[in-house]
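Read the figures in this text as sums done on the coordinates, not as results from a lab. Just so we're clear, the structure is a prediction, and the values are computed from it rather than from any experiment. Reconstructed Cβ throughout: ideal geometry from the backbone, glycine too, with neighbour counts over all protein chains shown.
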Amino acid sequence: MKKTLISASVASVLTLVSFATLAEGPSFYGRLDLSVTSSDEGLTSREAKDGTVLENNFSHLGVKGSQKISDGFDVLYKMEFQVENTSSEGDVFKARNTYLGLKTNAGTVLVGRNDSVFKQAEGGVDLFGNSNADIDRLVGAQSRVADAIWYYSPKIADLVTLNATYLMTDNNQDDVTDADDQFALSATIGDKKLKAQNYYVAAAYNEGIAGMDAYRGVAQVKLADFKLGALFQNSESNSKPNLEGNTYFVNVAYNLNGVNLKAEYGKDEAGLGLYAKRSGIQTVDTTDVDITAITIGADYRIAKSTLVYGHYAMYEGDYTTLAGNTDLEDDNIFTVGVRYDF
């Protein structure tokens, strides 16, 4: 009897150890990100309201992990949900990146909902991402898409990764004539976190997703305590071909004894970002869009889990229609906030 119990115990322990070596997770994680924002027009705030508002900057909950099913084959999974905690309007939970995938020596395939590889190509160049100064205020095709397939190649020659997103035909947009033409491609070099390498370079192409065709180039480099970054994008609306042009950003970040000082300059001539949309200029008559954004800010990690931050952003511009030239309403935004990760 004792031998049987001992044998069963040893078998149980070995089974648990074996399972632990095959699986990573599931791990539970989340983020609470709240800020106080004061703006003149509210054209870039999440609530699109002027004055002083409390903003929830994509607080979320999630679970993710992996499971080895055989040598060279791992199942990957992720379920993430945005949590609304500053507004009584709409749903408390909203879908974010949620997928099931398979990782092999030939690459990784994901199916479900995720950021397009065109959006992912931004790397870490969006210094004020997930805030009212996110680059999507000027640039389009920053899309999270569903009913889609992703492919990520292994690193080729220990240098280049090739990536793709393809939307299934039933995810057709009203202003896209051919549902098969909704895809994105990218190639990346280096490390977007600037740790394994002190540089990151990406090129990406977007067709049909978010109702536009676009291509972009991204570069970021770390030099001592400085990070220098740039993004260039050309975009054209599928439904309003008059909305076409270039958008670019240049920025710098400097680590001063743990305080991350940041500054960014952006220019948009396409009129396909959120600021242009909320300004009401995305019409068939609009031409010669000229929008400028300047953002300065800082953040400081008071603990591994907790970040405090603040920034000032200024948006201004003009556009032309058949009626003549019109100045956009200038928007000045002041934001202070705290982010807690767990």
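Report the net charge of residues surrounding Glu269, where surrounding means a beta-carbon distance below 9 angstrom and charges are Lys +1, Arg +1, Asp -1, Glu -1. Write out the running numbers ahead of the final one.
Values: positive: Lys267; negative: Glu244, Asp268, Asp288, Asp290.
Value of the local net charge: -3.
Lys and Arg at +1, Asp and Glu at -1: add these up for the other residues within a Cβ distance under 13 Å of Thr98 and post the number.
+3
Compute the acute angle (0 to 90°) between the alpha-carbon long axis of helix 2-22 and the principal axis of greatest extent of the alpha-carbon atoms of the chain; round to the nearest 10°.
20
Give me the extension gain from Thr287 to Phe342: residue separation times 0.36 nm, minus the current Cα-Cα distance, reported in nm with one decimal.
15.2 nm
Using r as the Cβ-Cβ distance of Ala298 and Phe73, and R0 as 51 Å, what FRET efficiency do you calculate, to the nearest 0.05?
Once the sixth-power term is evaluated, E becomes 0.70.
Which length gain, in nm to one decimal place, applies between Thr326 and Glu47 when the Cα-Cα distance is subtracted from 0.36 nm times their residue separation?
Gain in length upon complete extension: 97.9 nm.
Among residues other than Asp191 whose Cβ falls under 15 Å from its Cβ, what is the net charge (Lys/Arg +1, Asp/Glu -1)?
+4
In the P(r) worked out for segment 25-341, what percent of Cα pairs fall beyond 30 Å?
36
How much length, in nm to one decimal, is gained on full extension between Leu223 and Ser27, taken as 0.36 nm per residue of separation minus their Cα-Cα distance?
Stretched fully, the Leu223-Ser27 segment lengthens by 67.2 nm.
Just Gly208, Gly310, Gly65 to compare: in a GNM of the chain, with alpha carbon springs under 10 Å, which one fluctuates most?
Gly65
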